[in-house]
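The values are calculated or read from the model by the stated rules, or taken from the named source; none is laboratory data. Just so we're clear, the structure is a prediction, and the values are computed from it rather than from any experiment. Ideal geometry is used to build each Cβ from the backbone, glycine not excepted, and the neighbour counts take in all protein chains shown. These area figures cover heavy atoms from the full protein model, side chains too; ligands, DNA and RNA do not enter into them. Shrake-Rupley method; radii C 1.70, N 1.55, O 1.52, S 1.80 Å.
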Amino acid sequence: MPRNQLARVGLPRYPQPTLPGDFAFRSMHLASLLAPDRIIPAMRACGHMDAIEELVDQLVLSGSLAADLRAEILGQLVAREEFISTGIGGGVAIPHAFSDHVSEVTAVLGRSPGGIDFEALDQAPVFLVILFLVPKKDYQSHLRMLAAIAKMFANTTIRQHIDEASTPDEILTALRIRPQRRQPSSPDTPASS
């Protein structure tokens, strides 16, 4: 029975369940998860496993991941990637793993000038790789984050600014852009062709 008919027959309406970390993921923006030392403007890797290793090494180098956890986290990411590629298409990959060793979402972004063979869904090279680690307690909420990242990188304005950026600080600034929504044309304004 459709939800609107349930109310008519007097059945109670229950609020939608909230998941652990739900508020944090709804209000989270990718730029808030990054810092200049967790952005690689020109990755060296050509293959997807090398790219993942390069990004994990950057997390260690930045102090965002303890060096003694490197092998464990890398193993989790590689296992996830062997199961199914995290190359979502459109030149973007979002490798991710869950860990009890992180208390908050931890992210690193890499840009590849030449593209990386990530075995992406569309078989196209990947130019932007966003790797993130999620606390196991927030496992259910990570899907919203994946969707938000995919949507953000589908925006051509943001992508253009990232492509034009030359430093980690400029990439971070590009990620903070909130493009304005297109305004519907008024009936008095002729449509442009």
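Here are some notes:
Yes/no matrix, rows are residues, columns are (1) among the small types (Gly, Ala, Ser); (2) assigned to a helix (DSSP H, G or I); (3) at pLDDT below 90:
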site: Leu121; (1), (2), (3): no, no, yes
site: Leu128; (1), (2), (3): no, no, no
site: Leu133; (1), (2), (3): no, no, no
site: Tyr139; (1), (2), (3): no, yes, yes
site: Leu146; (1), (2), (3): no, yes, yes
site: Asp163; (1), (2), (3): no, yes, no
site: Ser166; (1), (2), (3): yes, no, no
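- Residue list for the range 79-99, restricted to those being over 15 Å from the mean Cα position of the chain (by Cα) and either open to solvent by 40 Å² or more (accessible area, probe 1.4 Å) or touching a residue at least 60 places away in the same chain (Cβ under 8 Å) (or both): Ala79, Arg80, Glu82, Phe83, Ile84
- Within the range 139-162, tally of residues that are more than 19 Å from Arg111 (Cα to Cα), open to solvent by 40 Å² or more (accessible area, probe 1.4 Å) and hydroxyl-bearing (Ser, Thr, Tyr): 1
- Selection from the range 148-158 of residues that are more than 10 Å from the chain's Cα centre (by Cα), without any contact (Cβ under 8 Å) to a residue 60 or more places away in the chain and assigned to a helix (DSSP H, G or I): Thr156, Thr157, Ile158
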